[in-house]
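Quick notes on the structure that follows.
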Amino acid sequence: MRTQVAIIGAGPSGLLLGQLLHKAGIDNIIIERQSADYVLGRIRAGILEQITVDLLNEAGVGARVAAEGTVHHSIELVYRNTRHPIDVTGLTGGKVVTAYGQTEVTKDLMDARAAAGLTTLYSAADVSIHGFDGSSPVVRFRQNGELKELACDFIAGCDGFHGVCRASVPEGAITEYEKVYPFGWLGILADVPPVSTHAIVYANSERGFGLCSMRSLTRSRYYVQCPIEDKVEQWSDDRFWDELRRRLDPEMAERMVTGPSIEKSIAPLRSFVAEPMRFGRLFLAGDAAHIVPPTGAKGLNLAASDVKYLSSALIEYYHERTSAGIDDYSRKALARVWRAERFSWWLTSLMHRFPDTQGFGQKVQEAELEYLVNSEAASRSLAENYVGLPLDFGQFR
Ligand code: RFL
Ligand code: PHB
C-alpha cells in the first residue's frame, strides 16, 4: 500500500486533517487502533471556537454544527454562590463560541470521509512507524492477524496522548514539559434540559470547582472537581447532583433538572507540551503533542488549529513544491499551544480548590474573581482567550 500522507489516529485531529488534505487533492489513509464505534463512544469536549467551526466549514462538514450547535455569547462565573455573567461577545467585538459535542464533530467527519470513499483502517493492532528520519517513511500494523505495510511521503501523528508516534521519536530529540494537577473531574452526561442553555457556568466554591455544560437542548454535561483517587462507583447519581447543586448559586441549584446519568467518568487534569512537533517526515498534531486541563475548553480547539497549520503547510509542499511551510509548522503551532496552555493553567488555578491553598488561597482567588468581573480590562482578557486567539496572533509583531 502507498499514500502521500499516512495519518495515525481517527480522532478529531486525524479526521479533520484527512478531510482538508483530500479537499486539496492530497491522498491520505488513516490508521486507527480502535473500532469506529469505540471512537464515537468517547464523551469529551463540547465547546468550539469560531476558528474550529470555520475549519469544519472548510472541510465541508459545517452543515450540522450550524443547524444543531448552540451559539454562546457569554459565560457565567460563580463564586461565593453568586453568579456573574461575562459578556464574551461584547468584549471581543462580536465573537462567539458554539456548544456542539466532540462526538458529533467526529461523526460528521467520519460520514464525510465515508461519502468521499476515503480509506480508514480501523482496529489496527501493533501500529509502528519507521524511516521518518529519512525520505521513505513506512507504517506497519496488523489487521485481522495479517501484517500490513503502508509506504508514504509523510506521517501525521494524530494518535493522542498515549499514541505510538511521540513515543517513537528518539529520546533526546524531544523535550517534554508537564504539570499534573492534584485532583480530577467527575463528569456526567444526562438526558435532562441544561440548567443554562445560553452560557457555560464555571463555579468556584469552597467545596471545589463545578461546571454546567450542554450537548443539546435536551442533553446536559456537568462536572465536579473530585479527589484524583476517587472511583466512579463512589459517586451515585444522587451524590453527584447534590454536590453540584451545593457549588452553584441558590437560584440555579433550585432550577436544575436532575435525572439518571447515561455516562459517568473521572478524568485526570494535566498540562503537557512536547517540543518540537516535527521530526523529519513525522509531524505531531493535537493531543499527541500537548494536553491542557479542560477548564478553558481548549483541547479540541488546539487540535483543530494544529491541523490548520499542518494542512496548509502540506498543501504548500505539494502544490508549490516548497518546504517553507513544513519547516515552520512546529514553531507556528507551538506559539498558539503555549498561549492556550497559559490560559488553561490560569483558569484551572483560579477556579479549583488545591490541597495547599486553605483560607488564604481561597481569599486570593475570590479577590481575583472580584477583579475579573468588575474590571473591563480583566474581563476582556478572559473573553479574548475564551473565544480563541487569532491563528496569526503575535506572528507579525
Ligand atoms: P484523540 O481524540 O485522543 O484521538 C487520537 C486517536 O488515536 C488513536 N490511537 C491510535 N491509533 C493507531 N495507533 C495507535 N498506536 C494509536 N494510539 C491511539 C486513538 O484511539 C484515538 O482515536 O486526539 P485528537 O484527535 O488530537 O483530539 C484531541 C481531543 O480529543 C482532546 O483535546 C479533547 O477531547 C480534550 N478534552 C476536552 N477538550 C476541550 O476542548 N473541551 C473539553 O471539554 C474537553 N473535555 C477532553 C475532555 C479530553 C478528555 N480525555 C482525554 C479523557 C474530557 C476528557 C474526559
Ligand atoms: C464540556 O462541555 O464538556 C465542557 C465545556 C467547557 C469546558 C470544559 C468542558 O470548559
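The values are calculated or read from the model by the stated rules, or taken from the named source; none is laboratory data. Treat the numbers as computed from the prediction; the structure is a model and nothing was measured. A quick note on method: Cβ atoms are made from the backbone with ideal geometry, for glycine too, and the neighbour counts reach across all protein chains shown. The accessibility values were calculated without ligands, DNA or RNA, using every heavy atom of the protein model including side chains. Shrake-Rupley method; radii C 1.70, N 1.55, O 1.52, S 1.80 Å.
Please tell me which of these pairs span more than 32 angstrom C-alpha to C-alpha: K298/K363; K231/K332; K231/K308; K148/K308; K264/K332; K264/K298?
From the list (K298/K363; K231/K332; K231/K308; K148/K308; K264/K332; K264/K298), the Cα-Cα distance tops 32 Å for K231/K332; K231/K308; K264/K332.
For q values of 0.28, 0.33 Å⁻¹, compute log₁₀ I(q)/I(0) with the Debye formula on a Cα-only model of the range 16-55, without solvent.
Taken in order of the listed q values, log10 I(q)/I(0) reads -0.97, -0.98.
Given the options G90, G134, G184, which has the most mean-square fluctuation in a GNM of the chain, springs set between C-alpha atoms less than 10 angstrom apart?
Looking only at G90, G134, G184, the largest GNM fluctuation is found for G134.
Treating the range 257-331 as a set of equal point scatterers at the Cα positions, no solvent, please give the Debye-formula log₁₀ I(q)/I(0) at q = 0.14, 0.17, 0.23 Å⁻¹.
-0.56, -0.72, -1.04
Let's test the formula: R0 of 45 Å, r as the Cβ-Cβ distance of D191 and Q4. What FRET efficiency results, to the nearest 0.05?
0.55
Of all the C-alpha pairs in the range 238-397, what % are more than 18 Å from each other?
Summing the P(r) tail past 18 Å for the range 238-397 gives 70 percent.
When the Cα atoms of the range 1-144 are enclosed in a convex hull and the volume is divided per residue, what value in Å³ results?
Per residue, the Cα convex hull of the range 1-144 comes to 172 Å³.
What area, in nm² and to one decimal, does the C-alpha convex hull of the range 73-190 cast on average over all directions?
14.0
Rounded to whole Å, give me the distance from the Cα center of the range 152-201 to that of the range 345-397.
Their Cα centres are 21 Å away from one another.
Restricting things to Cα coordinates, could you compute the convex hull volume per residue of the chain in Å³?
So the per-residue hull volume is 149 Å³.
Which number comes out as Rg/Rh for the range 309-397 once both Rg and the Kirkwood Rh are worked out on C-alpha atoms?
So for the range 309-397, dividing Rg by the Kirkwood Rh gives 1.19.
For the range 1-77, what Kirkwood radius comes out of the mean inverse Cα-Cα distance, in Å?
Over the range 1-77, the inverse of the mean reciprocal pair distance is 14.4 Å.
Please tell me the relative contact order of the range 1-152 in percent, rounded to the nearest whole number, where contacts are Cα pairs under 8 Å and at least six residues apart.
Reported relative contact order: 29 percent.
Mean separation of Cα pairs under 8 Å and 6+ residues apart, divided by the residue count of the chain: what relative contact order is that in percent?
Over the chain, the number comes to 21 percent.
Go ahead and estimate [θ] at 222 nm for the chain from helices alone: -39,500 (n - 2.57) per DSSP H run with n ≥ 4, summed, over the residue count, rounded to 500.
-11500 deg cm²/dmol
What distance in nm lies between label points placed 7 Å from Cα along the C-beta direction at V71 and Y177?
Each label point lies 7 Å from its Cα, and together they span 3.6 nm.
Relative to the present Cα-Cα distance, how much length would full extension add between R255 and R239 at 0.36 nm per residue of separation?
Roughly 4.0 nm would be gained on extension.
Test of understanding: in a Gaussian network model of the chain with alpha carbons linked when under 10 Å, which of V127, V39, V364 would top the mean-square fluctuation ranking?
Judging by the Gaussian network model, the answer is V364.
In nm², what is the average projected area of the convex hull enclosing the Cα atoms of the range 119-245?
Taking a quarter of the hull surface, the average projection is 12.8 nm².
Stretched out fully, how many nm does the piece from T357 to E58 gain, at 0.36 nm a residue minus the Cα gap?
Answer, rounded to one decimal: 103.1 nm.
Keeping all protein chains in place, calculate the accessible area per residue for the range 1-94 (probe 1.4 angstrom), answer in Å².
Per-residue value: 39 Å².
Nearest 10 degrees, 0 to 90: what angle lies between the long axis of helix 359-374 and the longest principal axis of the chain (Cα atoms)?
80
Which residue, chosen from H73, Y100, T52, occupies the Cα position most advanced towards the positive end of the dipole of the range 1-136, where the dipole is computed from +1 (Lys, Arg) and -1 (Asp, Glu) charges on Cβ about the Cα centre?
H73
In whole Å, what are the extents of the range 217-305 along the principal axes defined by its C-alpha atoms, from largest to smallest?
56, 30, 23
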